[in-house]
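Asker: If you scroll down you'll find the structure; I have some questions about it.
The values are calculated or read from the model by the stated rules, or taken from the named source; none is laboratory data. In this text the structure is predicted, and so the values were computed from the model without any measurement. Cβ coordinates were reconstructed from backbone atoms using ideal geometry, including for glycine residues, and neighbour counts include every protein chain displayed. Note: accessible area is taken over every heavy atom of the protein model, side chains too, but ligands, DNA and RNA are not part of it. Shrake-Rupley method; radii C 1.70, N 1.55, O 1.52, S 1.80 Å.
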Amino acid sequence: MALQTVAARIRGFICLNAHPGGCARNIQTQVDVARAYAAGVPGAGLGHALVVGASTGYGLSSLATTVFGYGARAVGVCLERPPHGDRTASAGWYNLAALGRLARDTGHDVAFVNGDAYTDAIKAQTIELLKKRGAKLDSVVYSLASPKRTDPKTGVTHASVLKPIGAPFVSKSISLGNDEVQTVEIAPATDADIEETRKVMGGEDWALWMNALAEADLLAKGCRTVAYSYIGPELTYPIYRSGTIGKAKEHLEQTARALTVDLARTGGAAYVSVNKALVTQASSAIPVVPLYISLLYKIMKAEGTHEGTAEQIGRLFRDHLAPGRTPTLDAGGRIRVDDLEMRPEVQRRIVELWDQVTTENLFELTDYAGFKQEFRSLFGFEIPGIDYSVPLEVAIPLE
Ligand code: NAD
């Protein structure tokens, strides 16, 4: 037991440590939002839920929503770094530790598996745990975001890349290291890059999870599973929707259709939900996207339509996936909660401002300050009401 003060250690789009008190405060906010969105939704609660990628971003909000909004008994799978000596744990570790404490204090039931979700071993460990808990899953959320994946069949490790396809992409982008607006040129992907990215961020592992759960007879009648995607505006098409990651997301959509064929036999279905662009550990690493998000936040906050992951997932379950709800789908068969982001007025304003942004007016024309603040808050820093000069325990178990 060693108390210590924790100050943020940030390098570009990476934060090397996390503040357990700030992370716990974030969890309380997430839980409040989850409860508010679920309040008054008619029908029974969820029985059992599994969230793969449950410790940060959209997966964390999915865990908070299913457990605290709809009373699910849930298991969350993540890959997080425990505390070690005087090194803090990763933010996701503290998030789930706080969520677990809050669940115990309020009579909810949640358990965690920390390890590489792409491996057969972690799937088997999760299945054992679900069996012990007597779970038949009503809801499976698949929310992994990772730069690499080792295929359990071949042992080959694949690395995803964020590249355009066909031609180089030249665009404005913020250099997160020095807050400068720069022009970046990103070389086009090779065929091998496209395939590597599909192997990591496509639907292959989602299907492996669903097949393993079905074989273990862990899916309840009517089980619904969802994975998350992004489409975004034409401005970011070259690096996102028409790029390597977009190809992987197309594969995710094909996987949803294939999984639905099996799940439909017992009244279930697989969905892809297209969510809003938000600051998460994964999205901060995509070139060009931090500038787009900074403009998007400026406009959506000004018009009062800004949402975080908690509100997005609160809306996803309230309007589409809560028990008894029938999801509304677009022409491509996807759920859309990116509707407010994609409104023509919002996108028109972004295009106008995009051309005007320079290093000098970055903080004035965009909400880059909000982007930075939100990035730090992902790790428990710059949270209002937290006194960062007070030493605190960092050796917190995940239970
Ligand atoms: P994130 O980085 O915040 O979360 C990733 C989660 O995956 C974490 O819980 C992490 O522990 C877990 N994880 C990563 N590798 C793992 C592994 N090998 N084993 C077990 N767990 C592992 O990411 P996010 O932005 O919330 O992204 C989640 C999904 O949402 C992705 O499919 C992403 O494309 C999609 N999405 C994101 C945005 C956005 O703007 N952030 C928008 C729309 C859709």
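Asker: Residues in region 103-126 that are farther than 28 Å from R318 by Cα and either modelled with pLDDT under 95 or aliphatic (A, V, I, L, M) (or both): how many?
Answerer: 3
Asker: For region 315-338, state whether one or more residues are closer than 30 Å to H19 by Cβ, open to solvent by less than 40 Å² (accessible area, probe 1.4 Å) and more than 14 Å from the ligand (Cβ to nearest atom).
Answerer: Yes: region 315-338 contains one or more residues that are closer than 30 Å to H19 by Cβ, open to solvent by less than 40 Å² (accessible area, probe 1.4 Å) and more than 14 Å from the ligand (Cβ to nearest atom).
Asker: Would you point out which residue out of K221, K247 is assigned to a strand (DSSP E or B) and open to solvent by 40 Å² or more (accessible area, probe 1.4 Å)?
Answerer: Checking each option against the conditions leaves just K221.
Asker: If I go through region 279-291 residue by residue, how many of them are open to solvent by 10 Å² or more (accessible area, probe 1.4 Å) and assigned to a loop (DSSP other than H, G, I, E, B)?
Answerer: 5
Asker: Quick one: which of S273, S294, S242, S229 is within 16 Å of the ligand (Cβ to nearest atom), surrounded by fewer than 20 Cβ atoms within 10 Å (Cβ to Cβ) and touching a residue at least 40 places away in the same chain (Cβ under 8 Å)?
Answerer: Checking each option against the conditions leaves just S242.
Asker: Moving on to the next point. Identify, by number, the condition in (1) more than 10 Å from the ligand (Cβ to nearest atom); (2) at pLDDT 95 or above; (3) surrounded by fewer than 21 Cβ atoms within 10 Å (Cβ to Cβ); (4) over 24 Å from T309 (Cβ atoms) that T150 doesn't meet.
Answerer: Here T150 meets the rest and fails (1).
Asker: Next question. With the requirement that a residue be closer than 13 Å to E303 by Cβ and either in contact with a Pro (Cβ under 8 Å, 6 or more places away or on another chain) or surrounded by fewer than 12 Cβ atoms within 10 Å (Cβ to Cβ) (or both), what does region 349-371 give you?
Answerer: Residue satisfying the conditions is I350 alone.
Asker: While we're looking at this one, here's another question. Of the residues that make up region 256-263, is at least one away from the ligand (no atom under 13 Å from the Cβ), of a type in the set (A, V, I, L, M, F, W, C), part of a helix (DSSP H, G or I) and open to solvent by 50 Å² or more (accessible area, probe 1.4 Å)?
Answerer: Among the residues of region 256-263, at least one is away from the ligand (no atom under 13 Å from the Cβ), of a type in the set (A, V, I, L, M, F, W, C), part of a helix (DSSP H, G or I) and open to solvent by 50 Å² or more (accessible area, probe 1.4 Å), which makes the answer yes.
Asker: Related question: Could you identify the single residue in A103, A91 that is open to solvent by less than 20 Å² (accessible area, probe 1.4 Å) and in contact (Cβ under 8 Å) with a residue 60 or more places away in the chain?
Answerer: A91
Asker: Please name all residue pairs, on different chains or six or more residues apart, with Cβ atoms under 8 Å, provided the first residue is in region 171-194 and is of a type in the set (K, R) and the second residue is assigned to a loop (DSSP other than H, G, I, E, B) and open to solvent by less than 50 Å² (accessible area, probe 1.4 Å).
Answerer: K172/V288; K172/V357
Asker: Still on this model: Does G22 qualify as being under 24 Å from L316 (Cα atoms) and away from the ligand (no atom under 13 Å from the Cβ)?
Answerer: Criteria not met by G22.
Asker: Restricting attention to region 120-147, which residues are surrounded by fewer than 18 Cβ atoms within 10 Å (Cβ to Cβ) and more than 8 Å from the ligand (Cβ to nearest atom)?
Answerer: Within region 120-147, D120, A121, A124, Q125, E128, L129, K131, K132, R133, G134, K136, P147 qualify.
The rows are residues; the columns are (1) in a helix (DSSP H, G or I); (2) away from the ligand (no atom under 12 Å from the Cβ); (3) of a type in the set (S, T, N, Q).
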{"position": "T29", "(1), (2), (3)": "yes, yes, yes"}
{"position": "R35", "(1), (2), (3)": "yes, yes, no"}
{"position": "G43", "(1), (2), (3)": "no, yes, no"}
{"position": "V51", "(1), (2), (3)": "no, no, no"}
{"position": "Y58", "(1), (2), (3)": "yes, no, no"}
{"position": "P82", "(1), (2), (3)": "no, yes, no"}
{"position": "R104", "(1), (2), (3)": "yes, yes, no"}
{"position": "A111", "(1), (2), (3)": "no, yes, no"}
{"position": "D116", "(1), (2), (3)": "no, no, no"}
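Asker: Just for helices (runs of 4 or more DSSP H) wholly inside region 339-379: which have at least 2 residues that are among the small types (G, A, S) and touching a Phe, Trp or Tyr at 6+ places or on another chain (Cβ under 9 Å)?
Answerer: Passing ranges, in order: 368-377.
Asker: Restricting attention to region 60-80, and to residues there that are small (G, A, S) and away from the ligand (no atom under 16 Å from the Cβ), which single residue is least open to solvent (accessible area, probe 1.4 Å)?
Answerer: It comes out as A72.
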